[in-house]
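Asks: Have a look at this one before I ask anything.
All of the numbers you see were taken from the coordinates with simple rules; none came from a lab. All of these numbers come straight from a predicted model, not from anything done at the bench.
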Amino acid sequence: MLKRNQKALAILLAFVFLLACVPSFAPAIPPTLDPFSLNTVIAQTAGAAATQTAALLSPTPTLTETPSPTMVPSETPTSTPTFIFILATNTVATPTNTPGAAYDCAILAQSPANNVGFAPGTDFDARWLVQNRGTVTWDANNVDYRYASGDKFHKASIYDMPKSVPAGEQVDIIVDMKAPGEAGTYTTTWEIRSGKTTFCSMSVTIIVN
């Protein structure tokens, strides 16, 4: 019994001795991080990532502004002058044929004027002042004036030309008339004739009331 206890004590002492010989290990203290160094590392890492990303991306195309084409007129418009012709209208002198013809005339005056009123059965003279606008003379021996158409309120239907009328000269054409017996509007037409050539139409309108 005594020997067994001594053996156990010897083993315990040996174990204590071994523990005393084992070197002690202190726990490693983690290094203290500098916050400014950490920000620097983060910034460097971000800069490197941005550089790599920019290298992978294709370069951004630069837009070039194209100027709009300028419209240049092919022709320079020029102002065109406008001419206004004012033609005098002669309400009395009325050529009846083509100017320059052998037989032509112009009515320069008329009496009575158209649409003048007369009492029924009134005697009056219709008168036209006529100018020879032709190229030949109206020979009194073969030129006359006569009734052509319309109402008949004349006393004679044909008259000799009172005189020969050279080109450019004038003559009075007079017809003896009588207003009809009934109220109304009446128009008669007369003309000058040389042989078979008829020209210079003359007319008058009266009102009987």
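Asks: For a test of understanding, tell me how many lysine pairs in the range 105-208 have Cα atoms under 23 Å apart, given they are 8 or more places apart or on different chains.
Replies: Numbers: LYS152/LYS178; LYS152/LYS196; LYS155/LYS163; LYS155/LYS178; LYS163/LYS196.
The result is 5.
Asks: Something else about it: For the range 133-209, what log10 I(q)/I(0) values come out of the Debye formula at q = 0.14, 0.21, 0.27 1/Å, with one point per alpha carbon and no solvent?
Replies: Once normalised to I(0) and log-transformed, intensities are -0.49, -0.92, -1.31.
Asks: I would also like to ask the following. Using each residue's phi in the range 140-149, evaluate 6.51 cos²θ - 1.76 cosθ + 1.60 at θ = phi - 60° and report the 3J(HN,Hα) Karplus result to the nearest Hz, with x for Gly and Pro.
Replies: 3J(HN,Hα) across the range 140-149, in whole Hz: 4, 7, 9, 10, 9, 10, 8, 5, 10, 6.
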